[in-house]
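The values are calculated or read from the model by the stated rules, or taken from the named source; none is laboratory data. Quantities reported herein were computed from a predicted structural model and do not represent experimental measurements. Positions of Cβ are backbone-derived with ideal geometry, glycine not excepted, and every protein chain shown enters the neighbour counts. Protein only, heavy atoms only, side chains kept; ligands, DNA and RNA dropped before computing areas. Shrake-Rupley method; radii C 1.70, N 1.55, O 1.52, S 1.80 Å.
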Amino acid sequence: MKADLIVGLQWGDEGKGKIVDFLAKEYDFVCRFGGGHNAGHTIVVDNKKYALHLVPSGILNEKAINIVGNGVVLSPKDFIKELEQFDNVKGRIYISDKAHLLLPYHAKIDQAKERLKGDKAIGTTGKGIGPAYGDKITRVGHRVGELLHPKKLTKDIMEYFKIQKPIFDALQIEAPNEKELLEELTFYKEKLQDYITDTTLLVWEALESSKKVLVEGAQGTMLDIDHGTYPYVTSSTTISAGACSGLGIAPQKIGKVIGIAKAYCTRVGNGPFPSEDFGEDGEYLRKMGHEFGTTTGRPRRCGWFDAVAMRHAIKLNGVDRVALMKLDVLDGLKRVKVCVGYEFEGKTIDYVPYTLEGVKPIYQEFQGWDGSKGVREFEKLPKEAKEYIQNLEELIGAKIGIISTSPNREDTIFRT
Ligand code: IMP
């Protein structure tokens, strides 16, 4: 059996939660491969709201086993808090012993560095994601498996602070108190030891015994550390290739790739966003789409669907089918724009260059519509909405197989 994959194709917040939520019911395993508690979505089941940041969406399906893969950076404090929303999840969630620990000092470093950068700040979530991945890559990080030996881990972390003292002094970050650190790590061990294991073996076994495995991406393609709008990106691999390294799955074990995109575009944090709309339409999209961050509450920057960035994302991820979310948010607009090309350094281009700084969008305009909200069959969509979708398919070179017309699970169109 091969693992199916869901990835975000824009700058995150594409509405992956809704798709993962209803697909999760069909899978035996739901796995996260990257990112940390910078991600977030809310799922409503039987009128009860659940906020998920690190825990995979399969937790709401009692039959599914959930995996937090080695590519994730895990904040034990936030993970423990998140688990408190659920009754008994022992045996239903496992954390890779190779995932990296994100500890409170990582958030302090993140926030201090952002402050020092002034107007060059990335606009991070402030959760410590960059510093935790930085420690991993520079080989001074600590892994979840080390939590099982809190005394040794405490000593190692105190040593880390000693070696990096000049840097921490400059950032005005104090070393933890050794006794308090040991207490904190011991508490994490007690709470988490039953969940820590070699998840790579679990995933291999699942695939070999024909279990259905769903891999859930976090953030979006344009935030990918290599292929996104660097340096205004997150610190992990967000594209489908990250699923291989972040879980330990070989490339030929990846099955269907479903790419999630909104019918328009948003981004939180700083960095270039060629199709951003600074006028009334951008404001309309923010209001109608409730575009405020789940993790930080920040208003999202809003703009038009960027077909150039989408083609790039579809190629990078090997997308089989696109799920187009929030079509109904465009209801009521007279004209709908799509970015179909860029002006870059005096030339017109149809690909994503190494930087999007200074890039100007070239738009194609479409007739707007009203009344797509809640529609469940493609044929019943307003004529202009159908034309918009068919034009998008041509522009991006991929089939739009799922269309979402409201936050409700049932208001979803499936096309063959
Ligand atoms: P970090 O991941 O907190 O380091 O933030 C880096 C960039 O990624 C910032 O622009 C964040 O706003 C953005 N980002 C991180 N996680 C998400 C997400 O889940 N959705 C949307 N943007 C995100």
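What to note about this one:
- Sulfur and carbon atoms: percent of accessible area, segment 280-377 [1.4 Å]: 49
- Phi angles of segment 279-293 translate, via the Karplus equation with coefficients 6.51, -1.76, 1.60 and θ = phi - 60°, into HN-Hα couplings of x, 4, 5, x, 5, 4, 4, 5, 6, 5, x, 6, 8, 10, x Hz per residue; Gly and Pro are given as x.
- Build a GNM of the chain with springs between Cα atoms under 10 Å apart, and of I65, I129, I349 the one that fluctuates most is I349.
- Partner aspartates and glutamates for K334 [C-alpha distance under 13 Å; skip if fewer than 8 residues away on the same chain]: E280, D281, E365, D370, E384
- Extents of segment 196-310, taken as max minus min of Cα coordinates on every principal axis and listed largest first, are 54, 30, 28 Å.
- Qualifying chymotrypsin sites (Phe, Trp or Tyr not before Pro) for segment 352-416 [loop in DSSP, other Cβ within 10 Å: at most 13]: Y354
- GluC sites (Glu not before Pro), loop per DSSP, at most 15 other Cβ atoms within 10 Å - longest free stretch of the chain: 175-344
- Karplus 3J(HN,Hα) series, Hz, for segment 15-29 with 6.51 cos²θ - 1.76 cosθ + 1.60 (x for Gly, Pro): x, 4, x, 4, 6, 4, 4, 7, 6, 3, 5, 8, 10, 8, 10
- Percent of C-alpha pairs per 10 Å bin in the chain, short distances first: 5, 22, 31, 25, 13, 4, 0.
- Estimated distance in nm for a label pair at A250 and R321, the labels positioned 7 Å out from Cα along Cα-to-Cβ: 2.7
- Residues within the reach of a label modelled at K117 (point 7 angstrom out along Cα to beta-carbon, backbone nitrogen below 20 Å), restricted to segment 32-69, are 35-40.
- Formal net charge of residues neighbouring N391 (Cβ-Cβ distance under 12 Å; K, R +1; D, E -1): -3
- Accessible-area composition of segment 100-192, carbon plus sulfur, in percent [1.4 Å probe]: 56
- Whole-number accessible area per residue in Å² for the chain, which is evaluated in the context of all protein chains at 1.4 Å: 45
- Comparing L74, L223, L182 in a Gaussian network model of the chain, where Cα atoms under 10 Å apart are tied by springs, the biggest mean-square fluctuation is seen for L182.
- Residue-count net charge about K98 - beta-carbon cut-off 11 Å; Lys, Arg +1, Asp, Glu -1: -1
- Helix-only [θ]222 nm of the chain, DSSP H runs n ≥ 4, -39500 (n - 2.57) each, per residue, nearest 500: -9000 deg cm²/dmol
- The chain: most fluctuating residue of G332, G71, G12 per GNM, C-alpha cutoff 10 Å: G332
- Long pairs among K113/K360; K2/K48; K48/K108; K2/K315; K77/K162, criterion Cα-Cα beyond 27 Å: K113/K360; K2/K48; K48/K108
- The phi-based Karplus calculation (6.51 cos²θ - 1.76 cosθ + 1.60; θ = phi - 60°) puts the 3J(HN,Hα) values of segment 114-128 at 4, 4, 5, 6, x, 6, 9, 4, 6, x, 5, 6, x, 8, x Hz, whole numbers, x for Gly and Pro.
- Violating pairs (Cα-Cα greater than 27 angstrom) within the set K81/K326; K49/K386; K18/K81; K25/K262; K63/K98; K212/K383: K81/K326; K49/K386; K212/K383
- Distance between the modelled labels on E393 and K380, one decimal in nanometres: 2.0 nm (7 Å Cα→Cβ projection).
- Over the chain, relative contact order from alpha-carbon pairs under 8 Å, at least 6 apart, %: 19
- 14 Å beta-carbon shell around F29, net charge (K/R +1, D/E -1): +1
- Calculated on alpha-carbon atoms, Rg and Dmax of segment 100-192 in Å: 13.6, 42
- Taking amide hydrogens as placed 1.01 Å from N in the peptide plane, the amide H of R300 sits under 5 Å from those of F292, G293, each at least 5 positions away in sequence or on another chain.
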